[in-house]
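Data block below; observations after.
The values are calculated or read from the model by the stated rules, or taken from the named source; none is laboratory data. Here the structure is a predicted model, which means the values were calculated and not measured. Every residue, glycine among them, receives a Cβ derived from its backbone with ideal geometry; neighbour counts consider all protein chains shown.
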Amino acid sequence: MEKSLKKHYKKPKVWFSAFNAALGSLLFSYNIGVFTSCQPCVSAALNWGNDKDTYIPIMSALLPLGAMFGALFSGYMAKFIGRRQNLIIADLIIIIASIASIIPYTLSFGIGRFLSGFSIGNFSMLCPLYINEISPIEITGRIGSMVMLFGCLGTLFAFSFALILPTSDYNNDPLNNIWIAMFLFQGLVALIQLILFLTIFKHETAPWLANKGYKDQAQRSLKFLYYEEYAKQVFERIDNSSKINDSEINLENNYDFTYKEIFTCAKGTTKAMRVGVLISVIQQFAGINAIMMYATTIFNEFGSGVFMARVFTTVTGIVKLLAVFGLLPLIDSVGRRTVLVFGCIAMGICLGAMGFFSMYKVYFVIPFLAIEMYLAFFVVSIGPICWVYSGEILPSRGMSICTGINWFSAFIVVLFFPFVVKVIGLSYTFWIFTAFNLGGALYFKFDMIETKGLAKKDIRELFASRR
């Protein structure tokens with residue numbers, strides 16, 4: 001069946017549909033990075049003065065806090081109103097958020113940050129799901145990589161725009177107001193995605209429609225992406241609950257945990273939820289969002305100066321982008337568990353070295369290289385594998401809970417990172433992250449089940465039989 005369907009999809013429409021959905025991934029990463037490089041500019045514009053050391057971590061943490069609620073909302077609503085409608089809602093919210101963020105009041109800026117977070121929580125759940133459900137089997141992997149690619153582009157855009165911001169005299173330099181355009185950019189991208197959804201990509205994904213019993217609409221959705229003869233064959237596979245994208249359409253309903261089963265650790269849920277929750281927590285306590293949201297501050301601490309700190313921060317975006325092309329194939333060729341174990345060990349070594357460099361005042365190039373190596377290992381290991389693996393072992397409710405926990409963990413890390421640095425210093429803070437990475441490597445080695453080469457049905461049956 002797979003061979004008979006090969007190259008009988010409408011290639012431009014399939015790729016353009018995925019491109020449009022992947023804009024959500026761009027917004028996801030852009031929002032994480034946009035406040036990093038323009039913190040002093042926003043602080044001056046909103047007159048935070050001596051209170052900036054309090055406001056900056058709070059405003060940074062509002063993003064993952066909103067994302068936690070957004071992920072939980074999308075996990076619940078995606079089943080009832082579909083993937084496309086949820087993405088449209090996320091676009092509308094982020095447009096409102098971008099406007100709220102530029103109103104010159106601290107309260108409105110905070111509301112904008114929280115609403116932006118709510119939207120990217122939706123995007124983090126729904127963009128991969130939407131792209132997976134519209135992708136023909138033979139190009140699922142290539143199209144799926146657009147999520148990570150656009151995510152890296154979002155980070156790069158956010159950091160690159162900041163290079164033209166002033167490095168001093170923020171209250172008087174007219175270039176300081178460029179931060180306003182940086183926050184409006186996210187609204188522009190969301191508006192483009194919204195217009196495309198309303199004018200061109202008008203169909204919900206066929207698997208969701210078929211699962212809800214909307215068979216005529218499911219066929220119209222498939223005819224938009226496939227030539228008519230083959231659209232019928234794909235619909236028959238969906239309608240008969242046979243395999244599509246290495247999963248079964250009705251498997252989600254048969255396997256899905258109830259919230260009561262999850263919270264009471266009912267038989268069949270324990271192993272999958274334990275691994276899903278811990279991989280989500282370890283991903284955040286590995287230190288990634290502390291580094292990404294305070295990258296400019298960290299580089300500045302190592303004596304690079306404000307402008308060079310922004311340059312180095314921009315280079316981190318380039319490194320992440322290059323790592324996607326050069327290292328992601330390892331996930332399928334080597335296996336999830338092996339990559340995770342070695343990735344966490346490598347990240348732990350890099351952060352341990354950062355702690356050493358900070359304590360003994362080793363400045364500039366060497367710490368910069370250590371952070372770039374850390375980011376490269378993150379992008380190839382726990383960064384994408386957290387989402388790939390969780391999607392393989394968990395149904396939608398479990399995935400929603402784990403995504404919410406992931407964002408709550410990010411909220412804790414981002415909020416308390418600067419305060420912990422003040423109390424115990426940058427060196428010991430890096431060593432705490434080192435401990436989480438090395439501890440994570442041990443956990444993955446002994447409790448994680450390798451899923452390489454297994455169909456989703458086999459994976460879920462395997463986890464259901466374990467405690």
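Quick notes
- Residue check, Phe73 surrounded by fewer than 20 Cβ atoms within 10 Å (Cβ to Cβ) and touching a residue at least 40 places away in the same chain (Cβ under 8 Å): yes
- Residue in the range 83-98 that is at pLDDT below 90 and either surrounded by fewer than 18 Cβ atoms within 10 Å (Cβ to Cβ) or not hydrophobic (A, V, I, L, M, F, W, C) (or both) present: yes
- Filtered residues of the range 193-215 (kept if under 30 Å from Pro104 (Cα atoms), of a type in the set (A, V, I, L, M) and either in contact with a helix residue (DSSP H, G or I) (Cβ under 7 Å, 6 or more places away or on another chain) or crowded, with 20+ Cβ neighbours inside 10 Å (or both)): Leu194
So that you can scan it fast, the table gives a plain yes or no per residue for (1) over 26 Å from Leu107 (Cα atoms); (2) modelled with pLDDT under 85:
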residue: Lys6; (1), (2): yes, yes
residue: Ala22; (1), (2): yes, no
residue: Gln39; (1), (2): no, no
residue: Leu46; (1), (2): no, no
residue: Tyr55; (1), (2): no, no
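- All of Ile139, Ile134 fail the test of being β-branched (Val, Ile, Thr), farther than 14 Å from Val388 by Cβ, in contact with a helix residue (DSSP H, G or I) (Cβ under 8 Å, 6 or more places away or on another chain) and at pLDDT below 80, apart from Ile139.
- Among the helices (runs of 4 or more DSSP H) confined to the range 358-432, the ones with at least 2 residues that are within 26 Å of Arg113 (Cβ to Cβ) and at pLDDT below 80 are located at 382-393, 396-424.
- Being crowded, with 22+ Cβ neighbours inside 10 Å, in contact with a strand residue (DSSP E or B) (Cβ under 7 Å, 6 or more places away or on another chain) and assigned by TED's automatic domain parsing to the domain that holds Asn31 is a condition met by at least one residue of the range 136-143.
- Here the condition is being more than 18 Å from Ala290 (Cα to Cα), of a type in the set (Ser, Thr, Tyr) and over 20 Å from the mean Cα position of the chain (by Cα); of Tyr389, Tyr360, Tyr428, it holds for Tyr360 alone.
- Among the residues listed as Leu156, Leu107, Leu165, the single one being over 23 Å from Ser280 (Cβ atoms), surrounded by fewer than 20 Cβ atoms within 10 Å (Cβ to Cβ) and either free of Cβ contacts under 8 Å to residues at least 12 places away in the same chain or not assigned by TED's automatic domain parsing to the domain that holds Tyr294 (or both): Leu107
- For the range 262-271, the criterion of being in a helix (DSSP H, G or I), hydroxyl-bearing (Ser, Thr, Tyr), farther than 30 Å from Lys422 by Cβ and at pLDDT 80 or above is met by none of the residues.
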